[in-house]
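The values are calculated or read from the model by the stated rules, or taken from the named source; none is laboratory data. Remember, predicted model here, so these are calculated numbers, not experimental data. Note that each Cβ is placed from the backbone with ideal geometry, even for glycine, and that neighbours are counted across all protein chains shown. When the accessible area is computed, the model is the full protein with side chains, heavy atoms only, and any ligands, DNA or RNA have been set aside. Shrake-Rupley method; radii C 1.70, N 1.55, O 1.52, S 1.80 Å.
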Amino acid sequence: MKIRLWLTILFTFITAAILLVFAAYIYLSAKQSREKEFYNLLNKEALTKVNLFLNAHVDAGTLHTIYRNNRKILNEVEVAIYDTSFNLLYHDAVDLDFVKETRGMIDEIVKKKEIRFYQENWQVIGISYHFKDKDYVITAAGYDEYGYSKLSNLLTNICIVFVLSILIIYLAGWFFVKRAFAPVSEITRKVKNISATNLDLRLDTNKSKDELSQLSSTFNEMLNRLEDSFDAQKHFVANISHELRTPLSAIITELELSQIKERSLEEYKTVVQQALSDAKKLARLSNSLLDFAKASYDLSEIHFKALRLDELLLDAQLQLQKTNPDYDIDILFEKEFDDDDLISVKGNAYLLQTAFVNLIENGCKFSPDKQCVVAISFQEANVILKFSDKGIGIPPEDLSHIFVPFYRGSNQKMAEGNGIGLPMTQKIIALHKGNIFVQSDIGKGTVFTIEIPHL
Ligand code: ADP
């Protein structure tokens, strides 16, 4: 069911419930007041007749005539007067005698002074009356035709007004909900037009800062992020193609040149060496890209376990020294510790080792002495690793870009690379809920600090 229909029905239902309570209250109070008023009328009629009969000595014949004449026009009250010994002194309509008085009823009236009850739809009142040292009992009965007809009119009107109101409320609700939801329909229409090719489209927002405007702003912010991410992806792909194309073109050119004419053995060796070096570059790049992709996985796809970071650093050192025997890598503990947990983290061994290899390799390759020192320490919550070198340092203007994929600093001439190492390292550390900081002085060296929560 559409929200619009649902809201309209809910709105109508709630209003109908309130109206119903209201109508029931009006009807019931009208009903009560009719009953009360008619008992009062019976009381007055009874007293008037007994006064006429006992006090004004109007004879029974005259009273009968008044009664019969009145009955032709309206539902006259039927009055009977008894003495306390159940002797009938006067009766308006002995022929009708609607209320059959009994001895017991008379005694009850004497005892209670007044009784009220219904006989069929007729209301009956019995009262005791004291006149000149004698007690009398009067009964008066009547059918409140006027009151009942007023009540039934009221009920009909209430029903008509109720049904009409519900109809009007439903239509009004439908109209207002439509108006209220018009911006949502507009948003839906616009969002349908947004696709990967026109991510620059934005939803309108107004100054009122209402919920829908906030929704549009939030959606626009999401589009901004998506557009940025799409742009970043495009650049990433463009960068990869560029990085792949350069060594590939070099290999092709070298091989083509060597093919044009017969070369000496020495020349062939140089070409093969050059092609091999370019091919290695390509292999390095594809490995880095693979690692970068792994570091971008969802957390749930990566296997985590408890790891000692000093062991991972030793593995990284071994890995690097195998391919670069000239690298001088020192690993030292800054603090003594009894508990292994202080230098252990819950992590992925492959990814962390890849990050450490990259930082150590950077330290060595950007330092004339090819030296990198890794210091292990810890705080209350984190293991802290410092990768220091005494190399050429990073220019301040490069510092804010070195974590951007494919960015290589102005010092890049010193060493080969592809600009993926640091962004990948940052991703890996973030996956381990850690942080990475850099501090560098030109000509003095660089320190990368990593903090990762320990066990
Ligand atoms: P790559 O090392 O392949 O160029 P990275 O992402 O690892 O790519 O590093 C990005 C850039 O940051 C490097 O090109 C270099 O300019 C700078 N850099 C990183 N580490 C160091 C370091 N220890 N000393 C000097 N410059 C560094």
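Charge dipole (Cα centre; +1 on Lys/Arg Cβ, -1 on Asp/Glu Cβ; no other charges) of segment 298-453 amounts to roughly 520 debye. Taking all Cα pairs closer than 8 Å and separated by 6 or more residues, the relative contact order of the chain comes to 10 percent. Ranking HIS130, TYR118, VAL79 by how far each Cα lies toward the positive end of the dipole of segment 40-182 (charges on Cβ) leaves TYR118 at the top.
Once the mean of 1/r is taken over each pair of separate Cα atoms and inverted, the chain shows a Kirkwood hydrodynamic radius of 33.0 Å.
Placing +1 on each Lys and Arg Cβ and -1 on each Asp and Glu Cβ, with no other charges, gives segment 236-276 a dipole about its Cα centre of roughly 60 debye. Histogrammed with a bin width of 10 Å, the alpha carbon distances of segment 3-151 distribute as 10, 34, 25, 11, 8, 6, 4, 1 percent, first bin at zero.
Per-residue ellipticity at 222 nm, computed for the chain from helices alone with -39500 (n - 2.57) per DSSP H run of at least four residues, works out to -19500 deg cm²/dmol.
For segment 329-407, the set of GluC sites (Glu not before Pro) satisfying both a DSSP loop assignment and a count of at most 14 other C-beta atoms within 10 Å is given as GLU334, GLU336, GLU380. Rolling a 1.4 Å probe over the protein heavy atoms gives segment 298-453 an accessible area of 49 Å² per residue.
Dipole magnitude for the chain: computed about the Cα centre from +1 point charges on Lys and Arg Cβ and -1 point charges on Asp and Glu Cβ, it is near 1740 debye. Note on the chain: dipole from Cβ charges, positive end direction compared against GLN353, SER208, ALA250; the farthest Cα belongs to SER208. The convex hull built on the alpha-carbon positions of segment 211-293 has an orientation-averaged projected area of 7.0 nm².
Taking all protein chains as shown and a probe of 1.4 angstrom, HIS303 keeps an accessible surface of around 130 Å².
Counting every Cα pair in segment 298-453, what percent are over 23 Å apart? Summing the P(r) of segment 298-453 above 23 Å gives 34 percent of all pairs. The listed peptides 118-131, 438-451, 264-277, ordered by packing as a protection proxy, come out as 438-451, 118-131, 264-277 (highest mean of other Cβ atoms within 10 Å first).
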